[in-house]
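Engineer: One structure follows; several queries about it will come next.
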Ligand SMILES: [Fe+2]
Ligand SMILES: [Fe+2]
């Protein structure tokens with residue numbers, strides 16, 4: 001059965017090589033599944049956060065809107081899923097109406113989108129739960145023993161693809177983090193700056209997604225969050241006499257300092273090449289975060305003097321998050337600004353250098369911003 005399916009669709013399966021982004025590859029597997037089982041109208045992957053028992057929506061393939069995006073929940077909220085994880089076995093629910101009275105947002109939204117049956121497959125990496133692959137259908141009682149035999153294999157294939165991508169990503173992040181730690185030995189931008197600005201960047205990305213201004217799915221939001229602390233990675237190539245100078249930089253020193261943007265981009269290019277990670281979907285975002293976070297909407301930024309929309313949105317987000325935290329932090333050359341002053345400054349920059357929507361996100365989520373300042377205060 002499965003062999004037939006795989007044979008019929010071997011071209012499609014062959015095209016799922018590493019050159020394609022993970023989301024595309026999952027969508028293609030979904031197409032193959034649907035050719036045989038048209039009633040499997042949604043495939044989704046949730047990732048398990050290491051340590052916290054929090055399950056986060058990650059990617060999905062479905063014709064309709066995603067009922068669960070930018071959503072996280074503790075596994076403990078779903079006893080049946082928790083049990084499946086403990087037993088390391090799939091959870092089959094052939095009639096989702098049994099959860100109808102449940103108050104959980106996730107089951108409600110799945111139901112509202114018309115799904116009536118669910119098959120959930122926990123994916124383990126050795127003893128660690130890495131992800132859960134979900135299959136949903138609008139038909140009840142469709143996940144029969146025969147169907148499940150096939151879906152189990154497809155689910156593991158998807159799980160394997162996700163695990164592989166994640167471990168590549170971990171290699172990349174580990175090498176970049178090492179570089180960051182080396183910079184931190186020398187950079188005055190110490191303390192919670194990177195934690196805070198990464199969280200601000202996440203707030204902004206989610207806000208833009210909620211407003212429908214940009215489509216930031218969970219995966220992208222997560223990437224912005226993870227890449228944000230790497231924005232100044234190019235400073236590794238800046239000599240101590242400039243990087244650690246207390247006081248105003250001379251024009252020549254300033255010019256040198258500004259090269260940290262292009263240096264950062266080169267570093268990302270080198271690392272991805274060395275580790276054979278050039279096809280990694282995240283590379284483009286990482287490149288724009290490192291190279292373009294000092295560009296300005298009015299073209300007055302560097303290194304490329306890009307204007308407005310020419311600046312990738314990821315870089316515009318990082319710029320706002322970075323500037324706000326730089327203002328509100330104490331630096332050797334200046335005291336910390338109050339939040340009122342920093343917000344007033346952002347409002348001024350809305351017309352000139354910084355992205356209007358990103359600034360509005362910070363203003364509208366001031367409470368969250370201040371909470372992050374408390375949690376990651378110096
Ligand atoms: Fe920078
Ligand atoms: Fe910074």
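Engineer: Okay, helix-only estimate at 222 nm for the chain: each DSSP H run of n ≥ 4 adds -39500 (n - 2.57), divide by all residues, round to 500 deg cm²/dmol; what do you get?
Structural biologist: -16000 deg cm²/dmol
Engineer: Please find, in a Gaussian network model of the chain (springs between Cα atoms separated by less than 10 Å), the residue of 219, 252, 367 whose mean-square fluctuation is greatest.
Structural biologist: Answer for the Gaussian network model of the chain: 252.
Engineer: Same structure again: Take the Cα of residue 50, step 7 Å along the line toward its Cβ, and report every residue of segment 191-207 whose backbone nitrogen sits under 11 Å from that point.
Structural biologist: none
Engineer: Helix 313-328 against the longest principal axis of the chain: what's the angle in degrees, Cα atoms only, rounded to the nearest 10?
Structural biologist: 50 degrees
Engineer: Looking only at 21, 332, 122, which one moves most when the chain is put into a Gaussian network model with springs between Cα atoms under 10 Å?
Structural biologist: Sorting by GNM fluctuation, first place goes to 332.
Engineer: Given R₀ = 35 Å, what would the calculated FRET efficiency be for residue 39 paired with residue 89, taking r from the Cβ atoms and rounding to 0.05?
Structural biologist: Efficiency, from the Cβ-Cβ distance: 0.95.
Engineer: Still on this structure, I have one more. Just rank 26, 92, fewest to most, by other beta-carbon atoms within 10 angstrom.
Structural biologist: So the ranking, lowest neighbour count to highest, is 92, 26.
Engineer: Mind checking which of 58, 154, 200 has the largest fluctuation in a GNM of the chain, springs on alpha carbons under 10 Å?
Structural biologist: Checking each option, the largest mean-square fluctuation is seen for 154.
Engineer: Along each of its three principal axes, how wide is the spread of alpha-carbon positions in the chain, in whole angstrom units, largest first?
Structural biologist: In descending order, the Cα extents are 73, 44, 37 Å.
Engineer: Can you bin segment 260-319 into rounded, prolate or oblate? Criterion: square roots of the alpha carbon gyration tensor eigenvalues sorted a ≥ b ≥ c, rounded for a/c under 1.5, prolate for a/b above b/c, oblate for the rest.
Structural biologist: prolate
Engineer: With a ≥ b ≥ c taken as the square roots of the eigenvalues of the C-alpha gyration tensor of segment 163-218, please select rounded if a/c is under 1.5 and otherwise prolate if a/b is larger than b/c or oblate if it is not?
Structural biologist: oblate
Engineer: Using 0.36 nm per residue, how much length does the chain from residue 20 to residue 174 gain when fully extended, once their Cα-Cα distance is taken away?
Structural biologist: This chain segment gains 53.1 nm when fully extended.
Engineer: Right, something else. State, to one decimal in nm, how far the label point of residue 250 lies from the label point of residue 364, with both points 7 Å from Cα in the Cβ direction.
Structural biologist: Once both label points are built, they end up 4.8 nm from each other.
Engineer: Using 0.36 nm per residue, how much length does the chain from residue 153 to residue 167 gain when fully extended, once their Cα-Cα distance is taken away?
Structural biologist: Extra length from residue 153 to residue 167 when fully extended: 3.0 nm.
Engineer: What relative contact order, as a whole-number percentage, does the chain give when Cα pairs under 8 Å and 6 or more residues apart are counted?
Structural biologist: So the answer I get is 13 percent.
Engineer: When the chain is fully extended, how far beyond the present Cα-Cα distance does residue 77 get from residue 182, taking 0.36 nm per residue of separation?
Structural biologist: The residue 77-residue 182 span can extend by a further 33.7 nm.
Any read-out appearing in this document is the output of simple, stated calculations on the displayed coordinates, not a laboratory observation. As the structure is a computational prediction, the values presented were derived from the model and not from experiment. For neighbour counting, all protein chains shown are included, and Cβ atoms are generated from backbone atoms with ideal geometry for every residue, glycine included.
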